[in-house]
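What follows is one structure encoded as structure tokens, with my remarks underneath.
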Amino acid sequence: MVGMATFSTSGNDAQHPGYLVLLRHGQTAWSVSGQHTGRTDIPLTAVGQGQAVAAGARIRREFPEGFAEGRVFSSPLRRARQTAQYAGFAGAATCPGIAEWDYGRAEGRTRTQISEAWQGDWDLWRDGTQVLGHEYEGEHDELLPSGETVRVRNTAGEALDEVAARARGVVEDVLPVIEGGESVLLVAHAHILRILTTQWLGVDPHVAKLLRLDTAHFSVLSLYKGDRVIDHWNV
């Protein structure tokens, strides 16, 4: 189990399988600036809070029956937990398996900044963070536009295959619940949710680069004639 705890089916005899709903967190200061935001515990902006409220309303229109108790999970990071709260899912349980990609040496830096320092056209999906030297490692405090200071830690980080394995574990946990006719909501982050989608589909995790997922937008994965498919995307 990948941090899911209580993912037992309830004996639901529904004819149709459930849905796996993926909600990305709302806007943060770094989603605006383009800084890689992995494990830095950054909060939502006021705009992000409003986005989360609107996203919750859209999800309830799509799923008016809601989600059963114990079927809503959030990343442990603050921006995801806040999104769940503002979206109206304050009872979300924490799921470490859907924490964002640990960008390690790229954390807190933009692609442009890294490319300039690396002296090459660095691409996260192609190159990963391990290609960056140990000189990129360390810790520092960074001041947000709101006046809050956050701690940024640059470590070795995770390789894409490691993130995909983590996401695959979550898929394996939720699949029996979906097959049993119940729907599950995961509130998390752009990259982990896109990578999780590739693992739901059974394709190479690099395909996640092609799946755009905007702040406070949700996507729906489902089962169709026995296949795992994308039902809706970036709603």
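Nothing in this text is a laboratory measurement; each read-out follows from the coordinates by a stated rule. These figures come from a predicted structure and were not determined experimentally. FYI the Cβ positions are ideal-geometry reconstructions off the backbone, even for glycines, and counts take in every protein chain you see.
Using only C-alpha positions, report the orientation-averaged shadow area of the convex hull of segment 92-173, nm², one decimal. Write down the numbers at each step before the final one.
Details: hull surface 28.1 nm².
Seen from a random direction, the Cα hull of segment 92-173 projects 7.0 nm² on average.
Taking the Cα atoms of segment 120-235 alone, what are Rg (to one decimal) and Dmax (as a whole number) in Å?
17.1, 52
Once both labels are modelled 7 Å past Cα along the beta-carbon direction, what's the Val207-His232 spacing in nm?
Here the modelled spin labels are 2.2 nm apart.
Of Gly66, Gly108, Trp118, which is farthest along the charge dipole of segment 45-187 in the positive direction, counting Lys and Arg as +1 and Asp and Glu as -1 at C-beta?
Projecting each Cα onto the dipole axis, the largest value belongs to Gly66.
Once phi is turned into θ = phi - 60°, what whole-Hz ³J(HN,Hα) does the Karplus curve with 6.51, -1.76 and 1.60 give for every residue of segment 62-79, x standing for Gly and Pro?
Values per residue, Gly and Pro as x: 6, 10, x, 7, x, 10, 5, 4, x, 10, 10, 10, 10, 4, x, 6, 4, 4 Hz.
Over the alpha-carbon set of the chain, divide Rg by the Kirkwood Rh and report the Rg/Rh ratio to two decimals.
On the way: Rg = 17.7 Å, Rh = 18.1 Å.
Radius of gyration over Kirkwood radius for the chain works out to 0.97.
Determine the dipole magnitude for the chain: charges of +1 sit on the beta-carbon of Lys and Arg, -1 on that of Asp and Glu, nothing else is charged, the reference point is the Cα centre, and the result goes in debye to the nearest 20. Walk me through the numbers on the way to the answer.
Values: 22 positive and 29 negative charges, 113 e Å.
My answer is approximately 540 debye.
Under 5 Å between amide hydrogens, which residues at least 5 positions from Glu182 or on another chain qualify, with H placed 1.01 Å from N in the peptide plane?
Here Gly18 satisfy the definition.
How large is ³J(HN,Hα), in whole Hz, for each residue of segment 150-157 in order, when computed from phi with the Karplus curve 6.51 cos²θ - 1.76 cosθ + 1.60 and θ = phi - 60°, using x for Gly and Pro?
10, 8, 10, 10, 9, 10, 5, x
Among bridges DSSP assigns within segment 51-173, what percent are antiparallel (round to 5)?
Details: 6 of 8 bridges.
DSSP beta bridges in segment 51-173 are roughly 75 percent antiparallel.
Along each of the three principal axes of the Cα atoms of segment 116-159, give the extent in whole Å, ordering the values from largest to smallest.
34, 18, 17
For segment 131-136, take each phi angle, set θ = phi - 60°, evaluate the Karplus expression 6.51 cos²θ - 1.76 cosθ + 1.60, and give the result in whole Hz per residue in order, putting x for glycine and proline.
Whole-Hz 3J(HN,Hα) from phi for segment 131-136: 6, 7, x, 5, 5, 7.
Write down the percent of antiparallel bridges among all DSSP beta bridges whose residues are both part of the chain, to the nearest 5. Provide the component values of the computation, followed by the final result.
Details: 16 of 26 bridges.
So the antiparallel bridges amount to about 60 percent of the total.
Taking segment 26-80 as the region of interest, what is the percent of Cα-Cα pairs per 10 angstrom bin, listed from the shortest bin to the one with the maximum distance?
Calculated over all Cα pairs of segment 26-80, the distribution is 22, 42, 29, 7 percent.
Can you give the alpha-carbon Rg of segment 33-123 over 2.2 N^0.38 Å, where N counts its residues?
Numbers: Rg = 16.3 Å, N = 91, 2.2 N^0.38 = 12.2 Å.
Taking the Cα Rg and dividing by 2.2 N^0.38 Å, one obtains 1.33.
Collect residues whose amide H, placed 1.01 Å from N in the peptide plane, falls under 5 Å from the amide H of Ala216; neighbours closer than 5 in sequence don't count.
Here the answer is Arg24, His25, Gly26, since their amide H atoms fall under 5 Å of that of Ala216.
In whole Å, what is the distance between the alpha-carbon centres of segment 70-149 and segment 169-188?
24
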